[in-house]
Amino acid sequence: MYVPVSPYLLALENRIRLERIPFSDRGSRLLLYQDRRHPSTLYLKLAERLTSLTPGLSAYRNRPPFIPKLRLVDGEGRQVPFEATTYPHAIIFQTTLGEFRCVFQDQHTLSFGLPKGVASGISFTVVPDLARPDAHGGEFKTIRNCAYSTNGQLVLNQVEHNGSGYDVTLTAEGDADAAIILHIQGGMDLERAVTPFRVTLASAEERWHRWFAGVPAVDAPLRDQYYYAWWVLGNNLLSPYGYFRRESVAPSKAHYVGAWQWDNYFHALAFRYNDPKLASDQIQFMLDHQLPDGMIPDAVYDEGTITQLEVPVAAAVTKPPVIAWVAMHIYDQTGDLGMLREIYEPLVRWNSWWFGLNDDDADGIAQYSHPFSSGLDDSPLWDEGMPVEAVDLNTYLCLQMEALGRMARLLGREREALIWKNRTDALSRRMIEHFYDERAGLFWSQHEHRPIKVLTPFSLYPLWTGRMPQAISERLVAHLRDPAQFWSAYPLPTVALSDPKHDPLQMWRGPVWININYIFVEALQRSGYRDLAGSLAERTMRLVMGQSDIYEYYHPLTGEPPPKAAPMFGWSAACFIDLAIRSSRGEL
């Protein structure tokens, strides 16, 4: 049986559970799954959001597989059962014929290595507009085009119409370099060349080994999940295509296809440790699509951007302004002054957009006009209607202007640096005047200038500014540490355990989100509560390590992922990576 040489790949043996987590590769849109109802059948989906094909906000998630049935077969086309062993770079299929292997020849091409010296191959079903078999395989043309070929001695090349599409069987015989490829892309010029399989396999192993070898070392107890987290980020990378002008990380290729603004920024926090250009590109990716008025889109996908939605209200939609805060974290690690020089003026326009077009009553407090702009899509904070003058938004803006002040100083713009400091100080004071409830010891967001008294961790967010008076900070931390509110078995629930609207299974209405915990680790550090910050970091890492996969959100009492939580989730992985590195360095 083939066993990789790389210790990183060995350590991640069978971490990719193909029934739920796809085998893919950096940059690729191909997602290979195992059918949980028919374990010896695979299927292939495409990580694409094509609104011209499937209109609607989330309709792409229900798009059927491009290849609904993919099977390993013997020389006569009979299905061969298998047991699969997965690695980041390869799937090994043990069968009665011997060992099949699957790797990526390139981001558009899957290569299936065949058992040596025995006729074998694959069969698959596809629904194209045009089929054209030939002496080495064939081609299908449709919305996405497919070619299949072999470099082995052809035994069987059969194409049968099944009423709605075609059933294809291709078998061959050869030595250890014999392979069958499936090549899928949007262009009409399809690549048919088959690389000798041993070359493809060695290249895939070396590619992924370099990915893992290039990251910082961490303490031994963290390593298994740490390297898996790096696999999640690498596997979720999508290459430039359509509106994607740079490489970017999808939040989860299995569930959310595209690039979402604040997801990109959290992903950059991890990349600053191993690839400064990739970290910078996650920021620049979004600025590539900045509008003339300074707004940055909510999300970017293959065929467009999202800047306006009609549901649940009709309004412009974006994401929280955390870009400058992240950029300074990248700079602190990389010293990339060129990045700051490129992004400073676009971020000034971004900041102006928030205060210029999102303060209807001109009271100096910014508002969300669409709930999705918060990133907290279904939070009960929006139940009373929009717009909402939100505590979290104005906290983000404090952090953003503080970061812009640092940028200005580094770029030699001393006068602007002073202006940013004064504006940050003024907004932090204004937040206390506008939002703080002395009796409750909490900050309440407001709708129509009435407090929205739903207890969420965002009522504690101003702690993050590091500018709160000590008496206020103490009150906020007391709420944070209360086991009846936020200090649950797995903190921090996104609606307090004690609040009537707490629902631990519904996205932002109760589950724990790793990026919010990450923010509170920094908030506690900035406000002088270093021991509590360390405790929250440790409990957050333990939560992520408690599951084989890394999820979108978690139950605050059991630590389990709720049923709708997306798997292989990018910002959970990125925040875990950052906490693991800093913990191992003694910085937490």
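Per-structure values
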{"item": "Single residue of segment 141-160 satisfying the filter (at pLDDT 90 or above and within 26 Å of residue 302 (Cα to Cα)) that is surrounded by the fewest Cβ atoms within 10 Å (Cβ to Cβ)", "result": "147"}
{"item": "Top-ranked residue in segment 161-214 [being among the hydroxyl-bearing types (Ser, Thr, Tyr) and more than 17 Å from residue 134 (Cα to Cα); ranked as surrounded by the most Cβ atoms within 10 Å (Cβ to Cβ)]", "result": "200"}
{"item": "Test for residue 343: is it within 17 Å of residue 282 (Cβ to Cβ), out of contact with any Phe, Trp or Tyr (no Cβ under 8 Å at 6 or more places or on another chain) and not polar (S, T, N, Q)", "result": "yes"}
{"item": "Residues located in segment 291-304, provided they are more than 14 Å from residue 262 (Cα to Cα) and either out of contact with any strand residue (DSSP E or B) (no Cβ under 9 Å at 6 or more places or on another chain) or modelled with pLDDT of 95 or more (or both)", "result": "291, 292, 293, 294, 303, 304"}
{"item": "Residue within segment 350-362 that is over 18 Å from residue 261 (Cβ atoms), touching a helix residue (DSSP H, G or I) at 6+ places or on another chain (Cβ under 6 Å) and outside any helix (DSSP H, G or I) present", "result": "no"}
{"item": "Selected residue [surrounded by 21 or more Cβ atoms within 10 Å (Cβ to Cβ) and at pLDDT 95 or above] from 484, 537", "result": "537"}
{"item": "Single match in 279, 268, 327, 316 (criterion: touching a Lys or Arg at 6+ places or on another chain (Cβ under 8 Å) and at pLDDT 95 or above)", "result": "279"}
{"item": "Segment 245-273, residues that are under 25 Å from residue 33 (Cα atoms) and either free of Cβ contacts under 8 Å to residues at least 60 places away in the same chain or in a strand (DSSP E or B) (or both)", "result": "248, 249, 252, 256, 259, 260"}
{"item": "Segment 494-531, subset among the basic types (Lys, Arg) and either buried (at least 24 other Cβ atoms within 10 Å of the Cβ) or not in a loop (DSSP other than H, G, I, E, B) (or both), residue farthest from the chain's Cα centre (by Cα)", "result": "530"}
{"item": "Count - residues of segment 445-493 that are under 13 Å from residue 435 (Cβ atoms) and part of a strand (DSSP E or B)", "result": "4"}
{"item": "Matching residues, segment 1-30, being surrounded by 14 or more Cβ atoms within 10 Å (Cβ to Cβ), part of a helix (DSSP H, G or I) and hydrophobic (A, V, I, L, M, F, W, C)", "result": "9, 11"}
{"item": "Filtered residue count, segment 467-526, keeping only those that are among the polar types (S, T, N, Q) and more than 16 Å from residue 557 (Cα to Cα)", "result": "4"}
{"item": "Some residue of segment 365-374 being outside any helix (DSSP H, G or I) and either on the phi > 0 side of the Ramachandran plot or modelled with pLDDT under 95 (or both)", "result": "no"}
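The values are calculated or read from the model by the stated rules, or taken from the named source; none is laboratory data. Please read these numbers as outputs of a predicted model, since none were measured by experiment. When we count neighbours, we look across all protein chains shown, and the Cβ atoms used for this are built from the backbone with ideal geometry, even at glycine.
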